[in-house]
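I have placed the structure first, in the form of structure tokens, so that the comments after it can refer back to it.
Quick note: the coordinates plus some simple rules give every number you see, no bench work behind them. Quick caveat: nothing in here was measured; it's all calculated off a predicted structure. In this analysis, Cβ positions are derived from the backbone assuming ideal geometry, glycine residues included, and neighbour counts consider all displayed protein chains.
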Amino acid sequence: MLQLCRDASGAPLAPQGSVVCIGAFDGVHLGHRALLARARERAAALGARTAALSFEPIPREFFARGTPVPRIDDARGKIVQLAAAGADLLLLLRFDAALAAMSPEAFVEQVLVARLGAREVWIGADFRFGHARRGDPVLLRELGARLGFGVEVFPEFLVDGERVRSSGIRAHLAAGDFDAAARLLGRPFMIGGHVVRGQQLGRKLGYPTANFRLGRRTSPVDGIFAVRVHGIGPVPHAAVASLGVRPTVNGTEPLLEAHLFDFDGDLYGRRLDVEFVAKLRDEEKFSDLDAMVRQIDLDAAQARSLLGVPEARPAGACA
């Protein structure tokens, strides 16, 4: 069971000590999982806890000052994936002006030592921390030698010769290469959430949808997609989906809408996960709703073909 804490100060979270992995952990990809697996091994050998130290919002979101920053996972997804990867303690710090202004020395003393009881700290080679990003692996090792913890820099993790990085995965997703992204993530790319009520326009047009709000999350993908929806039954349900602002109906809020093929049921309030399989096209503004429906017909047929779902037979039709 993962223990989740949000505060930089407070009682020690690991009196027996911990092996700490630090990072933004966007996506918790195969490189992150390899890092956590190594940390688990070391924690077991030392009789310590396996701790992940991360931030919400992630630092680049904070410094972007309102500019949208695409994320592979939202905070909930990151927590779920870190637990699945083997962390038993997650210190998910609120990244704000106070934390950004903390000196590297204070961060190490107050967070790594006093809060987490660090015995070893595992980082990537490009890890920077503290005010003005003054902290680096060299300084961390110096502080560790003085304060009693070791520092290990985890080497680059490669899959098929490609370095596994969150930025690279986001680039694959933006390009619509979901197979490449899944190869580096170690799982399909999904967006999850609770189904909310929309304007019911899809139902009127013959394409009822399950709608998901993105909230504060900025998706690395947008457009029209062939997808699979998880959480309805024992197997994923094929669907066609759009993710965007719906310019034809003058929408403003990004919304994920999934039309489930050959499905009739009430999904409001259910938590589902939408797996992205293939991008069909970019979002566009149509001259009227009839033109939009004609294109949706084509999108649905293409998604059915890609997902191996035959066209539904009319009622009473015989083979």
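Only Cα pairs under 8 Å and 6+ residues apart enter the sum, and on that basis the relative contact order of region 3-163 stands at 31 percent.
Extension gain for ARG216-ARG76 works out to 49.2 nm (0.36 nm per residue, less the C-alpha to C-alpha distance). Among SER167, SER9, a tally of other beta-carbon atoms within 10 Å of each Cβ gives an order, fewest to most, of SER9, SER167. Looking only at PHE25, PHE286, PHE157, which one moves most when the chain is put into a Gaussian network model with springs between Cα atoms under 10 Å? Fluctuation is largest for PHE286.
Ordering PRO57, ALA239, ALA114 by the projection of their Cα atoms onto the charge dipole of the chain, which places +1 on the Cβ of Lys and Arg and -1 on the Cβ of Asp and Glu, puts ALA114 at the extreme positive end. Note down the relative contact order for the chain as a percent, whole number, built from C-alpha pairs under 8 angstrom at least six residues apart. Relative contact order for the chain comes out at 16 percent.
Each of HIS172, PHE149, SER219 was placed along the dipole of the chain (beta-carbon charges, centred on the mean Cα), and the one lying farthest toward the positive end is PHE149. Within the chain, DSSP assigns beta bridges of which about 60% are antiparallel (rounded to the nearest 5). Ignoring aspartates and glutamates fewer than eight residues from LYS78 along the same chain, the ones with Cα atoms less than 17 angstrom from its Cα are ASP26, GLU56, GLU61, ASP88, ASP273, GLU275. Put simply, the amide H of PHE286, placed in the peptide plane, has neighbours under 5 Å in THR248, leaving out anything fewer than 5 places away on its chain. Listed by chain and number, the aspartates and glutamates whose C-alpha is less than 19 Å from the C-alpha of LYS204, apart from same-chain residues fewer than 8 away, are GLU257, ASP262, ASP264, ASP266, ASP288, ASP290, ASP297, ASP299.
Looking at region 181-292, the pairs of alpha carbons with a distance over 16 Å make up 59% of the total.
Helix content alone sets the calculated 222 nm mean residue ellipticity of the chain: runs of n ≥ 4 DSSP H residues at -39500 (n - 2.57) each, divided across all residues, give -8500 deg cm²/dmol.
A Gaussian network model of the chain, with springs between Cα atoms under 10 Å, assigns the largest mean-square fluctuation among LEU36, LEU90, LEU267 to LEU267. Hull volume per residue, based on the alpha-carbon atoms of region 52-163 and their convex hull, is 127 Å³. For region 57-122 versus region 171-190, the inter-centroid distance based on Cα atoms is 24 Å. Taking Cα centre as origin and charging only the Cβ of basic (Lys, Arg, +1) and acidic (Asp, Glu, -1) residues, the dipole magnitude of region 3-163 rounds to 220 debye.
For region 181-263, the relative contact order is 25 percent, taking Cα pairs closer than 8 Å that sit 6 or more residues apart in sequence and dividing their mean separation by the residue count. Springs join every pair of Cα atoms under 10 Å in this Gaussian network model of the chain, and among ALA43, ALA64, ALA52 the largest mean-square fluctuation is at ALA64.
Sorted largest first, the principal axis extents computed over the alpha-carbon atoms of region 56-115 equal 33, 31, 12 Å.
Overall size of region 1-100 from C-alpha positions, given as principal axis extents largest first: 44, 31, 19 Å. One chain, two ends: ALA11 and HIS194. Fully extended at 0.36 nm per residue, the span grows by 62.4 nm beyond their Cα-Cα distance. For the chain, the normalised intensity computed at q = 0.06, 0.08, 0.09 Å⁻¹ comes to -0.26, -0.44, -0.55 (log10 of I(q)/I(0), Debye sum over alpha carbons, equal scatterers, no solvent).
Of the residues CYS5, ALA300, ALA278, the one whose Cα sits farthest towards the positive end of the charge dipole of the chain is CYS5 (charges of +1 on Lys and Arg Cβ, -1 on Asp and Glu Cβ, taken about the Cα centre).
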